[in-house]
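The values are calculated or read from the model by the stated rules, or taken from the named source; none is laboratory data. What you see is a predicted model, and the numbers here were worked out from it, not measured in a lab. Using ideal geometry, Cβ is built from the backbone for each residue, glycine included, and neighbour counts are taken over all protein chains shown. Remember, those area values only see protein heavy atoms, side chains included, never the ligands or the DNA or RNA. Shrake-Rupley method; radii C 1.70, N 1.55, O 1.52, S 1.80 Å.
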Amino acid sequence: MTEHHSPRPPADRTWIVTGPTSGIGRRTALELAAHGTVVLVGRDPERLAELEREIGSLGGRAVSVVADFSDLASVRRAAERIVELGLPLAGLLNNAGVFPLGPRTTAQGWDLAYTTNHLGPFAITEALVPHLPDGAHVVFVCSGVEDPERRPAVVAGFRGARYLSAEASARGEWAPGGSAKPGYDAYATSKQGNLATVLALARETPRLRFNAVEPGFTPGSRLGRDAGPVVSFVSRYVLSPIAPLVRYWSTPGRAARVLTEVLTSESGATGVYYDERGRPMLGSAQVRDPAFSDRVVAETRALLATVDHPG
Ligand SMILES: NC(=O)c1ccc[n+]([C@@H]2O[C@H](COP(=O)([O-])OP(=O)(O)OC[C@H]3O[C@@H](n4cnc5c(N)ncnc54)[C@H](OP(=O)(O)O)[C@@H]3O)[C@@H](O)[C@H]2O)c1
């Protein structure tokens, strides 16, 4: 674990972090800057530039690439830009995500949570995999809410992932028996997509290391921003300070340390799902079935193939 920011990060390793402008991603980008160059992939150029300057002032090196993960053409252009940078890539952290509290669609008419949380990260991963050297890390920030048996998620109102198919998910259609809370099925299904991707790609591409992290409920991030200013205030200033004391809860700083440890690990571990303290955990019975995760990946690829590549 590294809390110290080295004034001279090793120049031979580069880490890509998506969604570095807030919460878990921001803290992880700062942490990773002690281990090499960081490529900051986000949608807000000004906030990316601000973080780039902050990392520079700490003696690190960062480069920004703009991408909107709800727009697959934008994601593909970002992947091309990253490759063009010609940096020695050591790892990709798929962290960007949203939790809309209701059905919302992208500019192209697809489900916003499913596209931003699963399709966009899947597309950037597929575009970058051929450019990653042997042993490089790909880590997805996942969530235990995909598991209908996970007690804290059920208490919060989740009923697990409700996957029918990738196409149905893009249309915002979920398997019956889901949550009474708007947006919960979309979020849980999108996060199951992340975990299925890790488990299937770890089998498919053993030369790389694909791992998943459930960061824990992290009220100090801005993921719950859709719930409004009062909930956001309480989350940040009341719940987050007690998070280190509560089982299954965490803070952006602690999540960043777990993620950095997994991303910089020299162990050959691949296909592992880690909990908020960095201990191996299990996903839902559904996602653990290799036939299911292979199907999610195959259907995601087929769906993405229907979207025009940028000219
Ligand atoms: N917080 C939790 O309790 C919790 C629990 C389990 C898993 N997670 C996962 O942790 C990850 C990080 O979330 P967080 O809790 O740190 O939330 P956060 O503070 O809201 O950070 C989310 C990040 O994703 C970026 N993002 C959102 N939509 C985007 C888009 N369309 N294109 C590009 N970037 C986009 C945000 O950018 P902007 O700054 O521009 O909005 C921000 O940098 C997510 O994958 C989430 O699902 C969180």
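How many of the residues in region 27-76 are within 10 Å of the ligand (Cβ to nearest atom), among the β-branched types (V, I, T) and either at pLDDT below 95 or surrounded by fewer than 20 Cβ atoms within 10 Å (Cβ to Cβ) (or both)?
Residues in region 27-76 being within 10 Å of the ligand (Cβ to nearest atom), among the β-branched types (V, I, T) and either at pLDDT below 95 or surrounded by fewer than 20 Cβ atoms within 10 Å (Cβ to Cβ) (or both): 1 in total.
Would you mind finding the one in S232, S221, S240 that is without any contact (Cβ under 8 Å) to a residue 60 or more places away in the chain, open to solvent by less than 40 Å² (accessible area, probe 1.4 Å) and among the hydroxyl-bearing types (S, T, Y)?
Of S232, S221, S240, the one residue that is without any contact (Cβ under 8 Å) to a residue 60 or more places away in the chain, open to solvent by less than 40 Å² (accessible area, probe 1.4 Å) and among the hydroxyl-bearing types (S, T, Y) is S240.
Any chance region 199-212 includes a residue that's modelled with pLDDT of 95 or more and farther than 30 Å from P130 by Cβ?
no
Have a look at G97, G102 and point out the one that is under 17 Å from V145 (Cα atoms), out of contact with any Cys (no Cβ under 7 Å at 6 or more places or on another chain) and at pLDDT below 95.
Exactly one of G97, G102 is under 17 Å from V145 (Cα atoms), out of contact with any Cys (no Cβ under 7 Å at 6 or more places or on another chain) and at pLDDT below 95, namely G102.
Please specify each residue of region 101-117 satisfying the condition of being within 10 Å of the ligand (Cβ to nearest atom) and not hydroxyl-bearing (S, T, Y).
Within region 101-117, L112, A113, N117 qualify.
Is it the case that region 195-210 has a residue that's part of a loop (DSSP other than H, G, I, E, B), open to solvent by less than 10 Å² (accessible area, probe 1.4 Å) and in contact (Cβ under 8 Å) with a residue 60 or more places away in the chain?
The answer is yes; a qualifying residue exists.
Any chance you could count how many residues in region 139-169 are within 30 Å of A79 (Cα to Cα), surrounded by 22 or more Cβ atoms within 10 Å (Cβ to Cβ) and away from the ligand (no atom under 14 Å from the Cβ)?
The total comes to 4.
Any residue at all in region 259-271 that is among the small types (G, A, S), surrounded by 18 or more Cβ atoms within 10 Å (Cβ to Cβ) and touching a Gly at 6+ places or on another chain (Cβ under 9 Å)?
No.
Only residues that are touching a Pro at 6+ places or on another chain (Cβ under 9 Å) and surrounded by 22 or more Cβ atoms within 10 Å (Cβ to Cβ): list them for region 170-189, please.
A186, Y187, A188
Please specify each residue of region 16-26 satisfying the condition of being among the aliphatic types (A, V, I, L, M) and within 11 Å of the ligand (Cβ to nearest atom).
Scanning region 16-26 gives V17, I24.
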